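Novice: Before I ask anything, here is the structure I am working with.
The values are calculated or read from the model by the stated rules, or taken from the named source; none is laboratory data. All of these numbers come straight from a predicted model, not from anything done at the bench. A quick note on method: Cβ atoms are made from the backbone with ideal geometry, for glycine too, and the neighbour counts reach across all protein chains shown. Remember, those area values only see protein heavy atoms, side chains included, never the ligands or the DNA or RNA. Shrake-Rupley method; radii C 1.70, N 1.55, O 1.52, S 1.80 Å.
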Amino acid sequence: MPFVELPDGGRHEVPAGTTLAAVAERLAPALARRAVAVWLDDELVDLARAVEGDARVRFVTTADPEGLEVFRHSSAHLLAEAVVSLFPDAKPTIGPVVEEGFYYDFDHAPFSEEDLGRIEARMREIAAAGRPLRRRELGREEALALFAGNPYKLEMIHEMPAGETISVYDQGGAFVDLCRGPHLPDLGRIRAFKLTKLAGAYWRADVRNPMLQRVYGISFEDPKALAAHLKALEEAKRRDHRRIGKELDLFSFHEEGQGFAFWHAKGAIVFNELSAYIREECRRRGYVEVRTPMILNQELWLRSGHWDHYAEAMYFVDIDQKPHAVKPMNCPGGLLVYRSRLRSYRDLPIRQAELGMVHRNELSGVLHGLFRVRAFTQDDAHVFCTEDQLNDEVVKLIRFCIDVYRTFGFPDPEIKLSTQPTDHIGDEAIWTLATEALRAGLAAIGLPHKVAPGEGAFYGPKIDFDIRDSLGRRWQCGTVQVDFSMPERFDLTYEGADGRPHRPVMLHRAILGSLERFIGVLIEHTAGRLPLWISPVQARVIPVGPAHQDYARSVAAGMEAAGLRVEVDAREETLGKRVRAAQVEQVNYILVVGDREAEAGTVNVRTRDNVVHGPAAPAELTARLREEIAARALG
């Protein structure tokens, strides 16, 4: 009889053919009730899989990331059955798990909010029946016959390599779907779920393909977890940067330029303060700033590899009957700046920063406020160094990223090391060297990280930094990449101490990533309560009545002369309404002046959280605010 080995090292003999569910019942009955799938050696499989030989076994629950993914993948299948049972002409396509839950795409006329309620009710009926999910393996012809009426499934089957196992999951005979699995043993486990939204999406994200109807949902094993999640969704709606951006008059979007942000005067202040901060930090660390053109010719993009690897995301234009492209990235221009003159080993490292606007050809269906736009400004930098300097430069870049995130209240970013993808340029030796440099940099600082095999850029491995906001949501921001290939492609050299030409190493770095996206994240993280140093209106002086307006303006003028951003609200509204308006507009400091303040030469200070701090001399208050700004306090 075969032996199964559990994670604690225990080895247990079981009869051949015993299902893993039965193994769990026998060896870990408490776990058996919570298990949703199992690692059989290095393969995640259904609990119905039989043990045929010696194997390592680890049961997973929804407390494990892969277990939660199995749970939500099965939830997507539950959704698909509900839709097809209510709308028999709907053709199901794919239903993956995503960070915000799961979705399923259908070829069907647009669903309504009323339809969403009917689908969810039908899902509850199906789940209550508790029918099993059973895996079946089919031959190619059998699979093609089974899905003969669904061109999307047929396309996927035809794309499968010859000899690849084709599996389906049968939901008690009521619904069958093409899927690799694994899945829950039965649909009855899925009780806590909610359909969250509707959207349109092109089949395989290609605008030339049919528009599908996407239904999003979320599910948990514990109803309390679902309730907490739905509460968090409501809070996320309250913090939506698009709504807050409109309320605070920061930015807008218009049909005349879909996917392009229009920055208003106050929003431009936020953008410029963020840019100034990054510039200041770069100067302190020995960077020079460069600016490169928005449009460059085809030859450049072919040389860099972007034309072959990134063309679907680029915009093209002909100039003098020659093809050009609007830059989706800043790095090729930075390479030309380096190559514009002879370099010596004494010049290295050269740290070139560029706050460069780039354009990406995003589909209209994925545009989302500042989070997904077609043009954005990236806080890019490109470091050119010798191989001997590489490790030190990697460490400096990592520390730079950590310092910036702490400034904005993101102290512990999650770090991911992404390695060589299948679609890459450059040989194995340089990929190994580049990957080890990043690994050594993380080790030198002692930062924990995860490894993402195959998720590196096409030209080199990278470290990605994810920050978590006040709602616990993760946002990918910064990246540090080591690149041996671009210097080779662009024939970059420096004169070494031996008088001979040598090839530099190139590091790509972005910290905030897209400034537009980071501002969106910051707005939602703070619910619009921006720190004083970056706030567009740092103080507002409110005269109680017309007799106090001159004094209010003199106070504002003095503070403005000291470099503060101050407004006066002398509108013919009640004092209460004007104070409330300042709080709604997230003005950091609200300064009320009346007879008493004018006579004493003071202001009555309150903050946007409606805390009254009492009288203060304008000069004293100005000094305090300047200290708060200089410290970049979170406030």
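Novice: Projected onto the charge dipole of the range 201-253 (+1 at Lys/Arg Cβ, -1 at Asp/Glu Cβ, origin at the Cα centre), which of P223, F251, Y202 gives the Cα projection farthest towards the positive end?
Specialist: Working it through, the farthest residue towards the positive pole turns out to be Y202.
Novice: What residues have an amide H closer than 5 Å to that of E567, excluding those fewer than 5 places away on the same chain, when H is modeled at 1.01 Å from N in the peptide plane?
Specialist: Here A539, R540, V541 satisfy the definition.
Novice: Of K237/K416; K237/K266; K237/K450; K396/K450, which sit over 24 Å apart, Cα to Cα?
Specialist: Those over the limit are K237/K416; K237/K450.
Novice: Still on this structure: Using amide H atoms built in the peptide plane, which far-off residues or other-chain residues are under 5 Å from T18 H to H?
Specialist: Under 5 Å from the amide H of T18 lie the amide H atoms of V51, each far enough along the sequence or on another chain.
Novice: Using 1/(1 + (r/R0)^6) with R0 = 56 angstrom and r between the beta carbons of V98 and A619, what's the FRET efficiency to the nearest 0.05?
Specialist: 0.55
Novice: Once you sort the root eigenvalues of the Cα gyration tensor of the range 317-357 as a ≥ b ≥ c, which label holds: rounded (a/c under 1.5), prolate (a/b larger than b/c) or oblate (the other case)?
Specialist: Here the range 317-357 falls in the oblate category.
Novice: On the full set of protein chains, 1.4 Å probe, figure out the accessible area of W39 and give it in Å² to the nearest 10.
Specialist: So the heavy atoms of W39 present about 70 Å² to solvent.
Novice: Using a simple spin-label model with points 7 Å from Cα along the Cα→Cβ vector, what separation in nm is obtained for R596 and E488?
Specialist: 7.5
Novice: Restricting to Cα pairs below 8 Å that are 6+ residues apart, what does the relative contact order work out to for the chain? Please round to a whole percent.
Specialist: Relative contact order comes out at 9 percent.
Novice: For the range 137-145, take each phi angle, set θ = phi - 60°, evaluate the Karplus expression 6.51 cos²θ - 1.76 cosθ + 1.60, and give the result in whole Hz per residue in order, putting x for glycine and proline.
Specialist: 3J(HN,Hα) across the range 137-145, in whole Hz: 10, 10, x, 4, 5, 5, 5, 5, 5.
Novice: For the chain, with the dipole built from +1 on Lys and Arg beta-carbon atoms and -1 on Asp and Glu ones, taken about the Cα centre, which of I166, A21, L138 lies farthest toward the positive end?
Specialist: My answer, from the dipole projection, is A21.
Novice: If each residue of separation counts as 0.36 nm, what is the full-extension length gain between E280 and S554 once their alpha-carbon separation is subtracted?
Specialist: Using 0.36 nm per residue and subtracting the Cα-Cα distance, I get 95.5 nm.
Novice: Rank these by accessible area, largest first, 1.4 Å probe: F220, F518.
Specialist: Accessible-area ranking of F220, F518, largest first: F220, F518.
Novice: Arrange the residues T432, T607 by how much accessible surface each exposes, largest first, with a 1.4 angstrom probe.
Specialist: Correct descending sequence by accessible area is T432, T607.
Novice: With all protein chains present, calculate the accessible area of E524 using a 1.4 Å probe and round the result to the nearest 10 Å².
Specialist: Per-residue accessible area (E524): approximately 10 Å².
Novice: May I pose another question? Go through the range 223-233 residue by residue and turn each phi into a ³J(HN,Hα) via Karplus (6.51, -1.76, 1.60, θ = phi - 60°); whole Hz please, and just put x for glycine and proline.
Specialist: x, 5, 5, 5, 4, 5, 5, 5, 5, 5, 5
Novice: Heavy-atom accessible area of D320 with all protein chains present, probe 1.4 Å, nearest 10 Å²?
Specialist: 120
Novice: Another question, if that's okay. Would you list D464, D249, D107 from the most to the least accessible area, probe 1.4 Å?
Specialist: Of D464, D249, D107, the descending order of accessible area is D249, D107, D464.
Novice: Given the -39500 (n - 2.57) contribution per DSSP H run of 4+ residues, what per-residue ellipticity at 222 nm results for the chain, rounded to the nearest 500 deg cm²/dmol?
Specialist: -11000 deg cm²/dmol
Novice: Within the range 506-635, what whole-number % of the accessible surface is contributed by carbon and sulfur, with the 1.4 Å probe and all protein chains included in the calculation?
Specialist: 51
Novice: Which of the listed residues, L492, G513, W475, is farthest toward the dipole's positive end in the range 463-513, when Lys, Arg count +1 and Asp, Glu count -1 at the beta-carbon?
Specialist: So the residue we want is W475.
Novice: Then there is this: Enter the Cα centre distance for the pair the range 19-81 and the range 474-544, rounded to the nearest angstrom.
Specialist: Between the Cα centres of the range 19-81 and the range 474-544 lies a distance of 42 Å.
Novice: What are the ³J(HN,Hα) couplings of the range 291-302, residue after residue, when phi is run through the Karplus curve with 6.51, -1.76, 1.60 and θ = phi - 60°? Round to Hz, x for glycine and proline.
Specialist: Along the range 291-302, the couplings run 9, 10, x, 7, 10, 9, 7, 4, 4, 4, 6, 5 Hz.
Novice: Okay, next question. Given charges of +1 on the Cβ of Lys and Arg and -1 on the Cβ of Asp and Glu, with all other atoms neutral, how large is the dipole of the range 109-249 about its Cα centre, in debye to the nearest 20?
Specialist: 440
Novice: Now for a separate question. Convert 4 °C to kelvin, take the viscosity as 1.567 mPa s, use the Kirkwood radius over C-alpha pairs of the chain as Rh, and evaluate the Stokes-Einstein diffusion coefficient in µm²/s, rounded to a whole number.
Specialist: The Stokes-Einstein estimate is 45 µm²/s.
Novice: Further question on the same structure: Modelling each spin label as a point 7 Å along the Cα-to-Cβ direction, I'd like the K197/A268 distance in nm, to one decimal.
Specialist: 3.0
Novice: If you don't mind, another one. Ignoring ligands, DNA and RNA, what percent of the accessible area of the range 253-400 is carbon or sulfur (1.4 Å)?
Specialist: 49
Novice: Now, a different point. For the range 1-42, what % of the accessible area comes from carbon and sulfur atoms, probe 1.4 Å?
Specialist: It is 54 percent, rounded to a whole number.
Novice: A further question follows. So, R0 is 22 Å and r is the distance between the beta-carbons of R208 and V317; what FRET efficiency does that work out to, to 0.05?
Specialist: The pair R208/V317 has a calculated efficiency of 0.55.
Novice: May I pose another question? Can you compute the label reach from A236? Point 7 Å from Cα along the Cβ direction, backbone N cut-off under 16 Å, restricted to the range 520-544.
Specialist: 520-527
Novice: Any idea of the accessible area per residue across the chain, 1.4 Å probe, to the nearest Å²?
Specialist: The answer is 46 Å² per residue.
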